[in-house]
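Submitted below is the structure of interest, expressed as structure tokens.
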Amino acid sequence: MSQWLYDPAFDPQDYASIVYRINLPDGRYYIGKKSLWVLKDGKIARESDWQDYWGSSKDVKALVTEAGKHACTREVVRFCVSRGEASWLEAVLLIKGDCLLDPMCLNGNVLTTFNHRVVKGYSNDERRERYLKDIAKQRDTMRLNNGDA
């Protein structure tokens with residue numbers, strides 16, 4: 001089974017969700033989001049099945065099975081501090097990447113709901129500051145990894 005590819009500087013235990021990309025051997029790809037935790041009554045009940053997850057799309061899962069999991073890659077594009085941040089980033093990536101028009105992209109729709117607090121951060125100043133610091137840290141790491149320093 002293909003393991004998740006991500007920067008080891010990030011500990012999944014510290015985040016709520018991921019935005020990911022599944023890459024097939026023929027160059028086709030799928031972008032999605034996944035919660036790292038199952039919540040019950042607003043509290044963490046247990047870890048989700050994210051480590052074994054291959055997307056919600058039946059078509060993508062069938063293509064992965066056909067190609068063989070060993071031949072496909074799963075990469076974490078971003079660790080997110082909330083499910084809302086993951087929804088927002090997934091939508092941004094799909095729209096900015098013209099994914100619905102890209103024949104190599106397997107995403108069939110861009111459908112998500114979010115509100116102004118998700119887009120702007122959080123209304124609670126402390127949470128908002130943590131959120132902004134985390135995003136800055138991830139951007140810096142992405143720049144270093146891409147050689148944009």
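Coordinate-derived values only; no laboratory data. Because the structure is predicted, anything quoted here is derived from the model rather than measured. Note that we place each Cβ from the backbone using ideal geometry, even for glycine, and neighbour counts take in every protein chain shown.
Quick one: of 58/96; 96/133; 33/96, which pairs are farther than 18 Å apart, Cα to Cα?
As for pairs spanning more than 18 Å Cα to Cα, those are 58/96; 96/133.
Rounded to the nearest angstrom and ordered from largest down, what semi-axes does the equivalent ellipsoid of region 1-105 get from its C-alpha gyration tensor (root of 5λ)?
On the way: eigenvalues 108, 55, 32 Å².
Sorted largest first and rounded, they come to 23, 17, 13 Å.
Given the alpha-carbon gyration tensor of region 1-62, what are the semi-axes of its equivalent ellipsoid in whole angstrom, ordered largest first, with each equal to the square root of 5 times an eigenvalue? If you can, show how the numbers build up before the last one.
Values: eigenvalues 110, 44, 16 Å².
Over the Cα atoms of region 1-62, the ellipsoid semi-axes are 23, 15, 9 Å.
Sticking with this one: Rounding to the nearest 20 debye, state how big the charge dipole of region 45-100 is about its Cα centre with +1 on each Lys and Arg Cβ and -1 on each Asp and Glu Cβ. Each step should come with its number before you reach the end.
Values: 8 positive and 9 negative charges, 10 e Å.
Computed charge dipole of region 45-100: roughly 40 debye.
If I stretch the segment between residue 110 and residue 14 completely, what's the gain in nm (0.36 nm per residue apart, minus their alpha carbon distance), one decimal? Please list the in-between numbers first.
Numbers: separation 96, 0.36 × 96 = 34.56 nm, distance 2.72 nm.
Here the segment from residue 110 to residue 14 would lengthen by 31.8 nm.
With each pseudo-label sitting 7 Å past Cα toward Cβ, what's the residue 21-residue 136 distance in nm, one decimal?
Each label point is offset 7 Å from its Cα along the Cβ direction, giving 2.6 nm.
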